[in-house]
Amino acid sequence: MYAAGAPSYYLLVNFSALAAGLLAASFVRSALVLNQQVVGTFTVAVGLVLLATALVGHRVDGASRWVRIAGISFQPSLILLPLVMVLFAGNRYWLSSIGLLLAGAALAFQPDRAVAGALTAVLAVRWVYRRDAWVTLSLIGASCGFAATLVRDDHVPPAPFVEHVV
């Protein structure tokens, strides 16, 4: 971003996000030993948050991917979905599958191709290694959500220094 001439504010925001991500990652390891019920409940809660964001979140050019808190826009799918995917990898459970089905539907409604594609790709890799019913069900739901995003038009214009970094 620096080489592309991005404002220093963009660099500060990205370094802050990196620091927050590293801090969150340090807690994920202890979360992986949680029982399936706790992980499943958390995954359903994340799915519901993403669905609420899709339905009543901050809209930009027909897409509703953001939540505004204190004047700052957050994209919950970018913050919560990676955590849920890591938790699901270690704790496959029917309740977690329901949460991922909700997340897949929410990403289709937003629409968010990149995140829906990432969810589908992670579950496809997981399915290659572990073909149980919960992974299969989650993969089918994520694939349907991703397919829906590919069919819908995305009118959100490219953001400077995001899609056009180089």
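Of note:
- Scanning region 83-131 for residues that are over 19 Å from Leu50 (Cα atoms), basic (Lys, Arg) and part of a helix (DSSP H, G or I) yields one hit, Arg126.
- Hey, Ala148 open to solvent by 40 Å² or more (accessible area, probe 1.4 Å), among the aliphatic types (A, V, I, L, M), in contact with a helix residue (DSSP H, G or I) (Cβ under 8 Å, 6 or more places away or on another chain) and farther than 15 Å from Val44 by Cα or not: no
- Any hit, region 92-101, residues being of a type in the set (D, E, K, R) and farther than 16 Å from Ala142 by Cα: no
- Test: residue in region 53-65 that is open to solvent by 40 Å² or more (accessible area, probe 1.4 Å), among the hydrophobic types (A, V, I, L, M, F, W, C), in a helix (DSSP H, G or I) and farther than 23 Å from Leu139 by Cβ: yes
The values are calculated or read from the model by the stated rules, or taken from the named source; none is laboratory data. Nothing here was measured: the structure is a model prediction, and the numbers come from that model. FYI the Cβ positions are ideal-geometry reconstructions off the backbone, even for glycines, and counts take in every protein chain you see. When the accessible area is computed, the model is the full protein with side chains, heavy atoms only, and any ligands, DNA or RNA have been set aside. Shrake-Rupley method; radii C 1.70, N 1.55, O 1.52, S 1.80 Å.
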